[in-house]
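A short worksheet on the structure shown next.
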Amino acid sequence: MSRPKRRKRQEEEAELNITTFLNLMVVLIPFLLVTAVFSRITIMELDLPTSASGTASNKPAFAIEVMIRKTRLEVGDGRRVLVTIPKTGPKYDLRKLSEALLTIKKSHGDKEDATILVEPDIEYDDVIHVMDAVRLIEVKQPDSELTQKISLFPAISIGDAP
Amino acid sequence: MKTNRRIRRMARARKHKSELSLTSLMDVFTILVFFLLVNQSAVEVLEPPREIKLPDSIVEARPRQTLVITVSEQMIMVQGEPTISVADILATKDEILRPVMERLNQVRLTTIGLNTEAVAKTNEVVILAHKTIPFKVLKKLMSTCTVSGYSKISLAVIQKGSQS
C-alpha cells in the first residue's frame, strides 16, 4: 500500500518556486527600461592645424578642399575647382560629392586629409552631413544587399570659405 | 470509506488547479534583463540637454571625458555655465570671444579633483551644438578654443546606421 504511493510522489513534476525571481524581474525591468539610453552619442574628431593662424609654411602641392556654399558644393585641389555639384532641392547632393571624391581617392590613394571650407551662414547640420560624405562612401554591392564602406578622407579640417 | 472520499476530493482539487505557464514569460524577462544590463554598462559620458538636437552622423568614435561646450539656440555654455548668448556672437565682429576665453582659462586654473584636472589637461574639447546653428558661430567658438590652448576639437553627434 505504501510503496506505490511513494513512487507516485516521486513521479510528480518537481516545480521551482519562481515567485521571488519574478518579483525581482518585475522591479528590475521597468527600472532599466527607464534609465536605458537608446540614442548613442558619438564624437567626430576634427584634424585642425595646430597653429591658430592656419598658414602652414610648407604647403603640400595637392590639397583636397570641399567648399560648402549656399547653392552648391565645390570640390577643389587647392588651386582650382574641379567639380561643382549644385543642390538638389533643399538638400546638398552628398551622393555625388562622395562619388566625385571617390574618383579623386582612386588617383591619390595615400591621401587621408581634406579640408572643408564653409560659408558663414551654412547650418551646422549640413556641415556634419558633408563631413560624413567626405569621410566615407557606402557602395552597394551589385550581387548582395550589403553595403561596403570605403574610407575616403577621414582626417578632416575645417575653415572659412573664400 | 473515509480515505476513499479523501482521494476523490484530492483528485478533483488537482484537476481544478489551473496553472499559469510562466516559462515563456521568464525567458523574455531574462533576455530583456541581460540586454538592458549590458546597455546600462555603457555609461554615457555626454548628456545633451533636452533643448539641443544634435545632428546625426555615422562616425563611431566614443566620447571621452573632456571639456564640454554646449551650444543651444540661445546660449553657449562652457562646462555647464552660461557664458555668452548666440545673439551676442552674431553681433560681435571679433574672431575671438572674450567671455568664452576667460571661462576656458578659468576652468583650466580652478580645477578641483582628479577628474576635472584630467579633463583640463587633455586640451580636448567637445562641442555639442544644436542642428540649426550657423557655422560662423561655431567658427568663432573653435578659433577661441584653439587660441585658449584647447587644440583638439570634436563635434558631438548622434549615431545613425547608414548614410542616406
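Whether a residue is surrounded by 14 or more Cβ atoms within 10 Å (Cβ to Cβ), more than 14 Å from chain B (Cβ to nearest Cβ) and either among the aliphatic types (A, V, I, L, M) or out of contact with any Asp or Glu (no Cβ under 8 Å at 6 or more places or on another chain) (or both) was assessed, and A:Lys106 does not pass this test. Counting the residues of segment A:15-29 that are assigned to a loop (DSSP other than H, G, I, E, B) and either facing chain B (nearest Cβ under 9 Å) or of a type in the set (D, E, K, R) (or both) gives 2.
Filtered by the rule that a residue be in a helix (DSSP H, G or I), of a type in the set (A, V, I, L, M, F, W, C) and more than 17 Å from A:Asp125 (Cβ to Cβ), segment B:127-164 gives B:Cys145, B:Val147.
Checked against (1) modelled with pLDDT of 80 or more; (2) within 35 Å of the chain's Cα centre (by Cα); (3) surrounded by 14 or more Cβ atoms within 10 Å (Cβ to Cβ), A:Leu22 passes all but condition (2). The combined condition, being at pLDDT 85 or above and crowded, with 19+ Cβ neighbours inside 10 Å, is fulfilled by B:Ile76. Comparison of B:Lys93, B:Lys140 shows that the only residue that is basic (Lys, Arg) and at pLDDT 85 or above is B:Lys140.
Rundown of residues vs (1) of a type in the set (Gly, Ala, Ser); (2) assigned to a loop (DSSP other than H, G, I, E, B); (3) in the same structural domain as B:Val125 (by TED's automatic domain parsing), yes/no style:
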{"residue": "B:Asp27", "(1), (2), (3)": "no, no, no"}
{"residue": "B:Phe34", "(1), (2), (3)": "no, no, no"}
{"residue": "B:Glu47", "(1), (2), (3)": "no, yes, no"}
{"residue": "B:Glu51", "(1), (2), (3)": "no, yes, no"}
{"residue": "B:Glu60", "(1), (2), (3)": "no, yes, yes"}
{"residue": "B:Pro63", "(1), (2), (3)": "no, yes, yes"}
{"residue": "B:Ile69", "(1), (2), (3)": "no, no, yes"}
{"residue": "B:Glu73", "(1), (2), (3)": "no, yes, yes"}
{"residue": "B:Pro82", "(1), (2), (3)": "no, no, yes"}
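Please state which of the following conditions B:Val125 fails to meet, knowing it meets all the rest: (1) within 12 Å of another protein chain (Cβ to nearest Cβ); (2) at pLDDT below 85. It is condition (2) that B:Val125 fails. In segment A:42-68, the qualifying residues are those that are at pLDDT 80 or above and within 7 Å of another protein chain (Cβ to nearest Cβ), and the one that is farthest from the chain's Cα centre (by Cα) is A:Leu46.
If you filter segment B:144-159 down to residues that are buried (at least 21 other Cβ atoms within 10 Å of the Cβ), touching a residue at least 40 places away in the same chain (Cβ under 8 Å) and within 7 Å of chain A (Cβ to nearest Cβ), you find that the one that is farthest from B:Val78 (Cα to Cα) is B:Val157. Out of the residues in segment B:88-110 meeting the condition of being under 13 Å from B:Leu138 (Cα atoms) and of a type outside the set (Asp, Glu), tell me which one is surrounded by the fewest Cβ atoms within 10 Å (Cβ to Cβ). Only one residue tops the list, namely B:Leu90. Only one entry in A:Ile156, A:Ile122, A:Ile137, A:Ile116 is within 12 Å of another protein chain (Cβ to nearest Cβ), in contact (Cβ under 8 Å) with a residue 60 or more places away in the chain and surrounded by 14 or more Cβ atoms within 10 Å (Cβ to Cβ), namely A:Ile156.
The values are calculated or read from the model by the stated rules, or taken from the named source; none is laboratory data. This is a predicted model, so every value here is computed, not measured. Ideal geometry is used to build each Cβ from the backbone, glycine not excepted, and the neighbour counts take in all protein chains shown.
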